[in-house]
Amino acid sequence: MILNRLLWRGFTKRCAVCGQRRIFRKWFTMLERCPRCNLRFERIDGHLTGALGINTVVSIVVVLVVGVFGGVLTYPDLPLAPLVTSITLVAAVFPILFYPFSKTIWTAIDLRMRPLEPGETEPGFGDWMKAHPDS
Ligand SMILES: [Zn+2]
């Protein structure tokens, strides 16, 4: 299924169109274009605002899970200082670790919502998206 392949590639920090792995120069620096299929990752101005949104939402969910899980596991003697420290650490570190994934996941979601236009990639790349429409 097209959505599964797109999301899998997004979750594994790869180009959603061709599966290329090396699309980041550094942890925070995504290449402008995929070196294999030539997809421009920022497809429209402000494209990566969606990645910021995904990073924020997922980070909040992870912080909530850590807080609730920590509270449930230690109930009724909540170790407040360790729990607050854990939540703070997760809130500070997780968005940094998740940052590149949020970009590739957002690119995959964007490709699902706005399919490739002709000329966005080198010829032959992305044909599988048209050949296997999601049902
Ligand atoms: Zn690519």
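No value in this document is a laboratory result; all are computed from the given coordinates. No experiment lies behind these values; they were computed from the predicted model shown. Virtual Cβ from ideal backbone geometry, glycine too; neighbours counted across all protein chains shown.
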Problem - Charge dipole magnitude, Cβ of K and R +1, D and E -1 - segment 2-131, Cα centre, debye nearest 20 - result: 480
Fill in the blank from the handout: Whole-Hz Karplus couplings 3J(HN,Hα) for segment 49-62, θ = phi - 60° and coefficients 6.51, -1.76, 1.60, Gly and Pro as x, run 4, x, 5, 4, x, 4, 4, 5, 5, 5, 5, 5, 4, 5
Problem - Stokes-Einstein D (µm²/s) once Rh is taken as the Kirkwood radius of the chain over alpha-carbon pairs, at 37 °C in 0.692 mPa s - result: 200
Problem - Sorted by Cβ neighbour density within 10 Å, fewest at the top, the residues LYS26, LYS13, LYS103 - result: LYS26, LYS13, LYS103
Exercise for the section: Could you check the simple spin-label distance between ASP45 and VAL57, using points 7 Å along Cα→Cβ, in nm with one decimal? Expected result: 2.5
